[in-house]
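Here the structure comes first, spelled out in structure tokens, and everything after it is commentary.
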Ligand SMILES: NC(=O)c1ccc[n+]([C@@H]2O[C@H](COP(=O)([O-])OP(=O)(O)OC[C@H]3O[C@@H](n4cnc5c(N)ncnc54)[C@H](OP(=O)(O)O)[C@@H]3O)[C@@H](O)[C@H]2O)c1
């Protein structure tokens, strides 16, 4: 995409495509040290992150600019409890306004989910999506990577349908059966 900044998604999914269990909790079986190292170093390099209001409240901010999606504001609003965070309701303000208010001009915006947040940026357009799959973990039900996924509408199918192509498979943790594929345009 012809822009000075990049939009890059990051997620770890179970073999059946879930990022969290049916209660919206991140299950321990999906946590993987190699993925965590990859994820943390990517987030450290990013210019800013985008995430949903629930994980924003759960995970303290390490001083990085944060775009926080929420329907609790009409468009854009500061977070009085976190000077680095900007609340954004995509139904009330375009992404371009949010990006400029956040001060994102160069570098990467790391999109950290959850499900509906990944979907908002699927429509805007990812430059890259770093998808970790834990092949030995099957959740059976839960929060999918993208809304509306099923046997026909898979994560890979949706990424392809939005113009992304898979790169080589990287074995992040051979013993645990965890792979990483970066999808790009
Ligand atoms: N496996 C992974 O890679 C991964 C990645 C991310 C998260 N997770 C896990 O998934 C679970 C959290 O997911 P979650 O969906 O509950 O939390 P979340 O994405 O952090 O927050 C959801 C909230 O974001 C806001 N939001 C989402 N889409 C929006 C939209 N289109 N417009 C406006 N606001 C929007 C809403 O906030 P309001 O309620 O304020 O309106 C919504 O309640 C956690 O267990 C987390 O650990 C896993």
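Summary table below
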{"read-out": "Where the Cα pairs of the stretch 1-135 fall when distances are cut into 5 Å bins, in %", "value": "2, 10, 21, 24, 21, 14, 7, 2, 0"}
{"read-out": "DSSP beta bridges in the chain [antiparallel fraction, %, rounded to 5]", "value": "45"}
{"read-out": "The chain: angle of helix 33-45 to the longest principal axis, Cα-based, in degrees nearest 10", "value": "20"}
{"read-out": "Label-point gap, in nm, between residue 72 and residue 123 - each point 7 angstrom along Cα→Cβ", "value": "2.2"}
{"read-out": "Point-to-point label distance, residue 152-residue 22, nm (Cα→Cβ direction, 7 Å offset)", "value": "2.4"}
{"read-out": "Intensity falloff of the stretch 102-150 expressed as log10 I(q)/I(0), Debye formula with alpha-carbon point scatterers, at q = 0.13 Å⁻¹", "value": "-0.40"}
{"read-out": "Relative contact order (percent, whole number), the chain, Cα cutoff 8 Å, 6+ residue spacing", "value": "32"}
{"read-out": "Highest-MSF residue in the chain out of 137, 68, 111 [GNM, Cα springs under 10 Å]", "value": "137"}
{"read-out": "Rounded FRET efficiency, nearest 0.05, which uses the C-beta distance separating residue 165 from residue 138 and R0 of 25 Å", "value": "0.45"}
{"read-out": "Rg in Å to one decimal, and Dmax rounded to a whole Å, for the stretch 48-105 via C-alpha atoms", "value": "10.2, 28"}
{"read-out": "Alpha carbon convex hull of the stretch 110-185, projected area averaged over orientations, nm²", "value": "5.2"}
{"read-out": "Helix axis angle, 115-124 relative to the chain longest principal axis, alpha carbon, degrees", "value": "70"}
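Laboratory data are not the source of any read-out in this text; all were calculated from the coordinates shown. Keep in mind the model is a prediction, meaning the values are calculated, not measured. Cβ atoms come from the backbone with ideal geometry, glycine included; neighbour counts cover every protein chain shown.
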